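The values are calculated or read from the model by the stated rules, or taken from the named source; none is laboratory data. If you're wondering where the values come from, they're calculated on a predicted model, not measured in any experiment. In this analysis, Cβ positions are derived from the backbone assuming ideal geometry, glycine residues included, and neighbour counts consider all displayed protein chains.
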Amino acid sequence: MALPDNPTSPRREPQAEVLGVEVLAPRSSHAISQLIPGVTAPPPEIPALLDRARRIFTVGPQPEEYLPIPDEVRDVLTRAEAYLLDTRGVEFEDARRRDMLHKEVLSFYYGEQFIAYRPTAEGVVVLAVGEDQVTALVQELPDDLSTEIVCGGPDPWL
């Protein structure tokens with residue numbers, strides 16, 4: 001079975017067959033070693049995830065790799081801007097608006113999940129989801145690239 005194009009997407013379908021048994025993508029790097037004692041291997045999505053991250057850092061993300069901005073997020077930011085303008089006479093600067101937009105989009109899609117992402121002026125690209133993926137990404141990418149990665153758990157969406 002082929003892996004989905006985006007290795008950060010949730011896994012629900014069987015991803016491999018081990019000793020004649022279909023296995024779901026492991027949630028931890030220990031899952032494979034639990035199936036076959038003495039064998040340790042990275043989860044099947046890790047090589048694809050690393051290839052995608054390297055491409056994003058060298059060539060740049062494809063437009064579809066940026067998280068889409070839901071109407072709910074736009075509405076929250078519009079209300080926040082209006083409130084600050086009305087109550088304090090403060091207008092958002094572009095950098096502040098972009099940072100808030102990134103924060104809210106990440107909360108909307110990945111609230112309370114451990115992720116690695118790359119913020120850019122064009123949007124935000126999620127590179128890894130979950131401790132195993134994030135750890136593999138940070139360990140495998142060269143230092144000059146890993147400094148552009150932000151890791152953490154966004155706040156839960158409203």
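Restricting the first member to the range 77-90 and to residues that are touching a residue at least 60 places away in the same chain (Cβ under 8 Å) and basic (Lys, Arg), and the second to residues that are surrounded by 10 or more Cβ atoms within 10 Å (Cβ to Cβ) and not in a helix (DSSP H, G or I), no beta-carbon pair is closer than 7 Å while six or more apart or on different chains. The number of residues in the range 119-144 that are closer than 11 Å to TYR66 by Cβ and under 11 Å from the mean Cα position of the chain (by Cα) comes to 4.
Within the range 117-134, the set of residues being free of Cβ contacts under 8 Å to residues at least 60 places away in the same chain and either touching a strand residue (DSSP E or B) at 6+ places or on another chain (Cβ under 8 Å) or over 23 Å from VAL73 (Cβ atoms) (or both) comprises TYR117, PRO119, VAL124, VAL134.
All conditions but one from (1) surrounded by 12 or more Cβ atoms within 10 Å (Cβ to Cβ); (2) within 16 Å of the chain's Cα centre (by Cα) apply to PRO156; the one that does not is (1).
Need at least 3 residues that are under 19 Å from PHE57 (Cβ atoms) per element, so show me which helices (runs of 4 or more DSSP H) inside the range 78-152 make the cut, counting only ones lying wholly within it. Steps first, answer last, please.
On the way: elements: 94-110, 131-140, 143-146.
Counting at least 3 such residues, we get 131-140, 143-146.
Of the residues examined, VAL125 is one that is in contact with a Lys or Arg (Cβ under 7 Å, 6 or more places away or on another chain), at pLDDT 95 or above and crowded, with 16+ Cβ neighbours inside 10 Å. Among the residues of the range 128-144, the ones that are out of contact with any helix residue (DSSP H, G or I) (no Cβ under 9 Å at 6 or more places or on another chain) and of a type in the set (A, V, I, L, M) come to 1 in all.
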